[in-house]
Amino acid sequence: MRHDHLISARQLSRGDVEAVLDRAAEFDAGERVARDDDLLGLLFFEPSTRTKMSFDTAMKRLGGDTVDMGTVESSSVKKGESLADTVRVVAGYADALVLRHPSEGAAKLASEFVDVPVINAGDGAGQHPTQTLLDLYTIRENAGLDDITVGIMGDLKYGRTVHSLAGALTEFDVRQHFISPESLRLPKNVRYDLHEAGADVREHTELAGVLPELDVLYVTRIQRERFPDENEYRQVAGEYRIDADTLDAARDDLTVMHPLPRVDEIAPDVDETEYATYFDQAHNGVPVRMALLDMMLPGDGGDAR
Ligand code: NCD
C-alpha cells in the first residue's frame, strides 16, 4: 500500500485492504518492530475512547511514542486557532498525524497543509476508514470476505463508520442490506457511489424479514450529536434495538458487530451469546492500526530488540 494520506475508505483497493489485514494478522500473532524514533501526533477535536487509545497503544507497541493535543478545551483551539495552523505546527513535531474532527472534509483539508501522512479518524458524518479496516479484519476472521450477506442497521445517515464500510465492502463479493427508519437511510451520495460500484444492495425499514439471511449484523448508534434538532433525535432513539430474543431468528453462525460506543441498541443479554463480537472487534483496532502505521510511516521499522 502506498498512500500519502488515508482520508477515505474509497482510496483502498481490495489489494490494499488485504495487505493491511495480513500485516495486522502478523502483529496479532506477536510480530514486533522497533520504530523507536517515530512519533504520532494525536489531534482529537471530538470525544473518543477506542480510536484514540488504540492508535496510542499501536504506536507504542511499535516501539514509538505519541504526542497528544489533548482536549479542545485545553488547547489553543479554544483561543481561536485555525485547524490549518494547528496541523502545520504539530506536523513539525510528529511523523504522522491522526485527526478526528466534527466537520466533514476536515482531514482532507488538513492533509493539504502538511507533508507528513494524515490519517482520518472520523470527519463529521463523512468517513472513518481505519474503523473500516478493523471491521473488515473482524468480518474476515468470523465470516470470510467473500460470498457473504451483511446487514448494516441503525443511523445510516450520520454514521461515518457505515459510509466507509459500505464503500469498502464493494471491493468484495458481499451482499449488503441496509436497515433503518426512512429518516436515517443512507445519504444520496453514498447510495450513488454504491450503485456506481455495481454493489448488490437493498434497503429495509425492518430487520425481521432479512435477519435469517445474514452472516453479519453491524449495529450502529444513533448519532445524537449530529442531529440538528433534538426532537428529531427523540423520534428515532430506541428504535432498532436488538436483544437475545430478537436473535432467535438468526443463523447460528451470525456475527453481531458494533463500532461502539453502544447506548441501548444492543441489550446486554446479547453479550452472553455466541453472536457477540463487538469487544473482539474493538481489540482488533490495535493490530490493525499497528499494521497501518507500520505501512504508512516513512522508513522501515527494523527488527525488534
Ligand atoms: C464511532 C465513531 O466515532 O464514528 N466510534 C468509533 O470510532 N468506534 C461510532 C460512534 O461514535 O457511534
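Quick look at the values:
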read-out: Count - residues of region 39-70 that are open to solvent by 20 Å² or more (accessible area, probe 1.4 Å) and closer than 17 Å to LEU292 by Cα; value: 11
read-out: Strands (runs of 3 or more DSSP E) enclosed by region 37-132 - at least 3 residues per element that are within 14 Å of the ligand (Cβ to nearest atom); value: 96-101, 118-123
read-out: The listed residue being within 16 Å of the ligand (Cβ to nearest atom), acidic (Asp, Glu) and out of contact with any strand residue (DSSP E or B) (no Cβ under 9 Å at 6 or more places or on another chain), out of ASP269, ASP264; value: ASP264
read-out: Residue match in region 74-86 (condition: open to solvent by 10 Å² or more (accessible area, probe 1.4 Å) and touching a Gly at 6+ places or on another chain (Cβ under 8 Å)); value: no
read-out: Enumerated strands (runs of 3 or more DSSP E) restricted to region 157-256, each holding at least 3 residues that are in contact (Cβ under 8 Å) with a residue 24 or more places away in the chain and touching a Gly at 6+ places or on another chain (Cβ under 6 Å); value: none
read-out: Subset of region 266-304 that is outside any helix (DSSP H, G or I), among the charged types (D, E, K, R) and in contact with an Asp or Glu (Cβ under 9 Å, 6 or more places away or on another chain) - its residue that is nearest to LEU42 (Cα to Cα); value: ASP300
read-out: Test result for GLY299, more than 28 Å from ASP146 (Cβ to Cβ), surrounded by fewer than 16 Cβ atoms within 10 Å (Cβ to Cβ) and of a type in the set (Gly, Ala, Ser); value: yes
read-out: Tally, over region 128-159, of residues that are under 16 Å from the mean Cα position of the chain (by Cα) and open to solvent by 20 Å² or more (accessible area, probe 1.4 Å); value: 3
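Listed here are the residues, each with its yes/no results for (1) in a loop (DSSP other than H, G, I, E, B); (2) touching a Lys or Arg at 6+ places or on another chain (Cβ under 7 Å); (3) closer than 30 Å to SER74 by Cβ; (4) at pLDDT below 95.
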| site | (1), (2), (3), (4) |
| --- | --- |
| VAL20 | no, no, no, no |
| GLU26 | no, no, no, no |
| GLY30 | yes, no, no, no |
| ARG35 | yes, no, yes, no |
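Matching residues to (1) assigned by TED's automatic domain parsing to the domain that holds ASP294; (2) free of Cβ contacts under 8 Å to residues at least 60 places away in the same chain; (3) under 24 Å from LEU134 (Cβ atoms); (4) more than 23 Å from the chain's Cα centre (by Cα):
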position: GLU18; (1), (2), (3), (4): yes, yes, yes, no
position: LEU21; (1), (2), (3), (4): yes, no, yes, no
position: ASP28; (1), (2), (3), (4): yes, no, yes, no
position: GLU46; (1), (2), (3), (4): yes, no, yes, no
position: PHE55; (1), (2), (3), (4): yes, no, yes, no
position: MET69; (1), (2), (3), (4): yes, yes, yes, no
position: TYR93; (1), (2), (3), (4): yes, yes, no, yes
position: ALA96; (1), (2), (3), (4): yes, no, yes, no
position: ARG100; (1), (2), (3), (4): yes, yes, yes, no
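The values are calculated or read from the model by the stated rules, or taken from the named source; none is laboratory data. Because the structure is a prediction, the values reported are computed rather than measured. Here the Cβ is made from the backbone with ideal geometry for all residues, glycine too, and neighbour counts use every protein chain on show. With ligands, DNA and RNA removed, areas are computed over all heavy atoms of the protein, side chains included. Shrake-Rupley method; radii C 1.70, N 1.55, O 1.52, S 1.80 Å.
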